[in-house]
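The values are calculated or read from the model by the stated rules, or taken from the named source; none is laboratory data. Everything numeric here is computed off the predicted structure, so don't read it as measured data. Note: ideal-geometry Cβ built from the backbone for every residue, glycine included; neighbour counts use all protein chains shown. Ligands, DNA and RNA are stripped out before the accessible areas are found, and what is left, the full protein with its side chains, is counted by its heavy atoms. Shrake-Rupley method; radii C 1.70, N 1.55, O 1.52, S 1.80 Å.
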Amino acid sequence: MIAEIQPSFSSSATMVRKVAYQLTKIEQGDARVLCTSTNDELHTMPEYMRLIAETNERVKLPYTEFILSLYPGEILTDKEWLSLAEKYIQRMGYGRCCYAVVLNTDKAHQHVHVLLTTIDEDGKSVSSSNNYRRSEKISRELEQEYG
């Protein structure tokens, strides 16, 4: 599994654009929502995320995105993808944040986009310290776990 951590960003408008892109993919039949942390529709998530972001004005980059990809030819079921993505989110420390997981099937390799806040539901910032190192370790553990 390859985990790509996108640069965090400050703009709720950017999150709106990222969600709109995923909604277009869904309309084209190239993606589907696996879950949202609020159990709401994907199109409502930017508003929830904005509200969470406003709980801690000290955080300058309250949004981020992870892309988790399989190698070409590898396939997981929706249930396995959801389990893998949620374990990744939890182990990275973002389990209490507002997030959405969208499976994309438009490439030679399956991948999920995880759109999320860097602030948890209590208004606390999730540390991004050593994110890349932690992500690499977690990715290898999940590879072993999911074969």
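So that you can scan it fast, the table gives a plain yes or no per residue for (1) small (Gly, Ala, Ser); (2) open to solvent by 70 Å² or more (accessible area, probe 1.4 Å); (3) in contact with a helix residue (DSSP H, G or I) (Cβ under 8 Å, 6 or more places away or on another chain):
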{"residue": "Ala3", "(1), (2), (3)": "yes, no, yes"}
{"residue": "Ser10", "(1), (2), (3)": "yes, yes, no"}
{"residue": "Ala31", "(1), (2), (3)": "yes, no, yes"}
{"residue": "Thr55", "(1), (2), (3)": "no, yes, no"}
{"residue": "Pro62", "(1), (2), (3)": "no, no, yes"}
{"residue": "Thr77", "(1), (2), (3)": "no, yes, no"}
{"residue": "Leu84", "(1), (2), (3)": "no, no, yes"}
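So how many residues does the range 64-75 have that are surrounded by 15 or more Cβ atoms within 10 Å (Cβ to Cβ) and not aliphatic (A, V, I, L, M)?
Residues in the range 64-75 being surrounded by 15 or more Cβ atoms within 10 Å (Cβ to Cβ) and not aliphatic (A, V, I, L, M): 4 in total.
If you check Glu121 against the conditions, is it over 19 Å from Ser12 (Cα atoms) and surrounded by fewer than 16 Cβ atoms within 10 Å (Cβ to Cβ)?
no
Would you mention how many residues in the range 23-49 are assigned to a loop (DSSP other than H, G, I, E, B), under 20 Å from Ile119 (Cα atoms) and either among the acidic types (Asp, Glu) or touching a Gly at 6+ places or on another chain (Cβ under 8 Å) (or both)?
Looking only at that region, the number is 1.
Working carefully through the options Gln144, Gln110, find the one that is surrounded by 16 or more Cβ atoms within 10 Å (Cβ to Cβ) and on the phi < 0 side of the Ramachandran plot.
Gln110
I'd like the full set of residues that are in a loop (DSSP other than H, G, I, E, B) and polar (S, T, N, Q), limited to the range 2-22.
Result: Gln6, Ser8, Ser10, Ser11.
Among Ile52, Ile119, Ile89, Ile138, which is assigned to a helix (DSSP H, G or I), touching a residue at least 24 places away in the same chain (Cβ under 8 Å), touching a Pro at 6+ places or on another chain (Cβ under 8 Å) and not aromatic (Phe, Trp, Tyr)?
The conditions single out Ile52.
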